[in-house]
There are 2 protein chains.
Amino acid sequence: MRIAFDAMGGDHAPQAMVEGILQAAREWPDTRFYLLGLQEEVQPHLPQESLSNVIVTPVTERIETDEEPVKAVRRKKDSSIVRGCRMVKEGEAEAFISAGNTGALMAAGLLVTGRLPGIERPALAPVFPTLNQQGMLVLDVGANPEARPEHLEQYALMGSLYAESVLGFARPRVGLLNIGAEEAKGTAFTKEAYSRISALPIHFIGNVEARDVLSGNCDVLVCDGFSGNILLKNTEGVAKAIFDRLKQEFTRTAFTKLAAAILKPGLKRFATDMDYKEHGGAPLLGLQGPVVKAHGSSDSRAVFNAVRQARLYVKQQVTTRITEELNRLERG
Amino acid sequence: MRIAFDAMGGDHAPQAMVEGILQAAREWPDTRFYLLGLQEEVQPHLPQESLSNVIVTPVTERIETDEEPVKAVRRKKDSSIVRGCRMVKEGEAEAFISAGNTGALMAAGLLVTGRLPGIERPALAPVFPTLNQQGMLVLDVGANPEARPEHLEQYALMGSLYAESVLGFARPRVGLLNIGAEEAKGTAFTKEAYSRISALPIHFIGNVEARDVLSGNCDVLVCDGFSGNILLKNTEGVAKAIFDRLKQEFTRTAFTKLAAAILKPGLKRFATDMDYKEHGGAPLLGLQGPVVKAHGSSDSRAVFNAVRQARLYVKQQVTTRITEELNRLERG
């Protein structure tokens, strides 16, 4: 297998990226890793003795996190993001993973790798951590903020397939994000999406409310990109605000510090359960090949897990199966 | 002043409602409280010695929390919710407060109290607790899930006025909920709303992301009812899930229980800061008179605070000022 990896993207690039890829290269000697990066920045992090399955692939440009995505992708053709997406397009790599500029990766996925026939807009599908540690695939979280009901129908199909093939859910429970649990709730948009998803050959469990997001009462949550983005950022923001405040209370006096030390194992267990790093990256579903967004704050462990997930994505032939299901849907 | 209060709605009705109103009646002897409820259920909670400014006003019907709102409002004309909204309409009360079925209160507000001229759909505007304890008014959270950009323009105007007059913000910072901070972010919908709100005579600070909701970096957050409902339920759901899990970790052993006891004052301080009960109820802005939704789990303290807030709502003549501003907007 051949996997391309963006060494330049992410808060801890390139060090964490190189370390994660070296771990992955040792774990999976059958896989060749193409490490895309600026030679002078990547080189210092490489070990004395090179690994035969890690191929440093020099690029000359870098897309920064705050660059306007579409412009950056059009201008910087020799950036790691554009090069990686092109390698997937041209079959030089079977998957590409980046922790860089999310918008640029989505734009390059769309413009360079390209969509599957019948897919108008791909969906960005991260795994939200849940309290039961299983995680929940949510799509779309912002690749397509102006979604139509038929897009959500495709998300439901693609999400169910991915959750089954890659995340290991036996018969994924697919829910529709809505403002009430009953079928008649919501807008004209959600009602049409509900009706379309109901007709699919998947395990659709109906509407799911935003209050249940952490409890993991569905395995795949389908929504438009605007709502999904709000859900993602709100979940992260509320959790962070609460933990920041707890930290403040816990470090107030010597006494509270002592008490917090006793509670530390429990807090740590909780933090581990809620850690996105264990869940790998977010696939851009609906492209001609696997393009995966790793979290911007990925460390080497998150990189390693993103690789593990991308390998399954390739092995399970998810792209081919999505194409088949879409054809079946159109014929039906 | 005359305030009507629904004794039948809420998880702790009628006891918490009666207790809260008795406290309010002692605090504000200048105000007459019309306690709307089923006589046989309210009576046992009244004190031996009656207060001259609490007038028990019997009704014969009750709208349950799970009833279909519009049907219930049409059928149960002698329910506390319909009667209270009619009292405001007919000037028998200057405000009505209920902790009952939210949908039914919104429907009765719309169908019985009625909209202000120029307002197509009122907005439900709760105060979200923020870490800085100031709170943030969010509208709409679900009265109007299929909003148009011109509705958001009205929300911005009404929300700013209410935050200034009732919540005490000197020059409320009004933000637009969006999936990015830059002006060009979002959908055609948010872009048009942005442009309309920019032209208003209020302190508009631009787009605000869902990750910042608890930090209180704006005072009034404007959004469509679908997104707002997701934001509200997700915020509540994530906070509850985290605290439930913490409780579980803290009560695991005798040791952790001891440690948790030491941390209790800090946790309690945090819980108080985040307590919606301190922030009163959620007004339905855009109606012909003040109709306020109190939280479903309101205790007597929340009832008392909802009354304090409703009194300001009336005293500050918010409804008249909204009408004037809307007229100015239309003329402009």
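So that you can scan it fast, the table gives a plain yes or no per residue for (1) of a type in the set (Gly, Ala, Ser); (2) at pLDDT 95 or above; (3) more than 21 Å from residue A:296 (Cα to Cα):
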site	(1), (2), (3)
A:17	no, yes, no
A:23	no, yes, no
A:28	no, yes, yes
A:38	no, yes, no
A:43	no, no, yes
A:51	no, no, yes
A:55	no, yes, yes
A:59	no, yes, no
Any hit, the range B:240-261, residues being in contact (Cβ under 8 Å) with a residue 12 or more places away in the chain and aliphatic (A, V, I, L, M): no
Number of positions in the range A:306-315 that are crowded, with 23+ Cβ neighbours inside 10 Å and farther than 14 Å from residue A:20 by Cα: 1
From B:303, B:291, B:238, B:318, residue being in contact with a Cys (Cβ under 7 Å, 6 or more places away or on another chain) and either farther than 28 Å from residue A:131 by Cβ or buried (at least 19 other Cβ atoms within 10 Å of the Cβ) (or both): B:291
Hits in the range B:261-281 (condition: at the interface with chain A (Cβ under 9 Å from one of its Cβ atoms) and either assigned to a helix (DSSP H, G or I) or modelled with pLDDT of 80 or more (or both)): B:261, B:262, B:263, B:265, B:266, B:267, B:269, B:270, B:273
Meets criteria (in the same structural domain as residue A:325 (by TED's automatic domain parsing) and touching a strand residue (DSSP E or B) at 6+ places or on another chain (Cβ under 7 Å)) for residue A:113: yes
Lone qualifier among A:59, A:88 - being over 19 Å from residue A:294 (Cα atoms), assigned by TED's automatic domain parsing to the domain that holds residue A:314 and either in contact with a Gly (Cβ under 7 Å, 6 or more places away or on another chain) or acidic (Asp, Glu) (or both): A:59
Residue tally, condition of a type outside the set (A, V, I, L, M, F, W, C) and out of contact with any Asp or Glu (no Cβ under 8 Å at 6 or more places or on another chain), over the range A:224-244: 7
Residue satisfying all of: in the range B:63-88; under 22 Å from residue B:45 (Cα atoms) and modelled with pLDDT of 95 or more; surrounded by the most Cβ atoms within 10 Å (Cβ to Cβ) among these: B:80
Output for the range B:226-260, where each listed residue is small (Gly, Ala, Ser) and within 8 Å of chain A (Cβ to nearest Cβ): B:227, B:237, B:239, B:241, B:259, B:260
Residues (in contact with a strand residue (DSSP E or B) (Cβ under 9 Å, 6 or more places away or on another chain) and in contact (Cβ under 8 Å) with a residue 40 or more places away in the chain) located in the range B:164-189: B:166, B:167, B:169, B:172, B:173, B:174, B:175, B:176, B:177
In the range B:216-239, residue nearest to residue A:180 (Cα to Cα) [restricted to those that are among the hydrophobic types (A, V, I, L, M, F, W, C) and touching a residue at least 40 places away in the same chain (Cβ under 8 Å)]: B:226
Which listed residue is aromatic (Phe, Trp, Tyr) and either outside the structural domain of residue A:133 (by TED's automatic domain parsing) or crowded, with 16+ Cβ neighbours inside 10 Å (or both), from A:255, A:189: A:189
Residue A:166, sole failed condition from (1) within 12 Å of chain B (Cβ to nearest Cβ); (2) within 18 Å of the chain's Cα centre (by Cα): (1)
The range B:207-219 - residue that is more than 7 Å from chain A (Cβ to nearest Cβ) and touching a Phe, Trp or Tyr at 6+ places or on another chain (Cβ under 8 Å) and, of those, surrounded by the most Cβ atoms within 10 Å (Cβ to Cβ): B:219
Exclusive hit being of a type in the set (D, E, K, R) and within 17 Å of the chain's Cα centre (by Cα), set B:328, B:301: B:301
Test: residue in the range B:193-203 that is surrounded by 17 or more Cβ atoms within 10 Å (Cβ to Cβ) and either under 25 Å from residue A:209 (Cβ atoms) or within 12 Å of chain A (Cβ to nearest Cβ) (or both): yes
Residue identified as in contact with a Gly (Cβ under 6 Å, 6 or more places away or on another chain) and surrounded by fewer than 24 Cβ atoms within 10 Å (Cβ to Cβ) among B:139, B:167, B:116, B:161: B:116
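The values are calculated or read from the model by the stated rules, or taken from the named source; none is laboratory data. Being a predicted model, the structure only gives us computed values, none of them experimental. Positions of Cβ are generated from backbone atoms using ideal geometry, with glycine treated the same way; all protein chains shown enter the neighbour counts.
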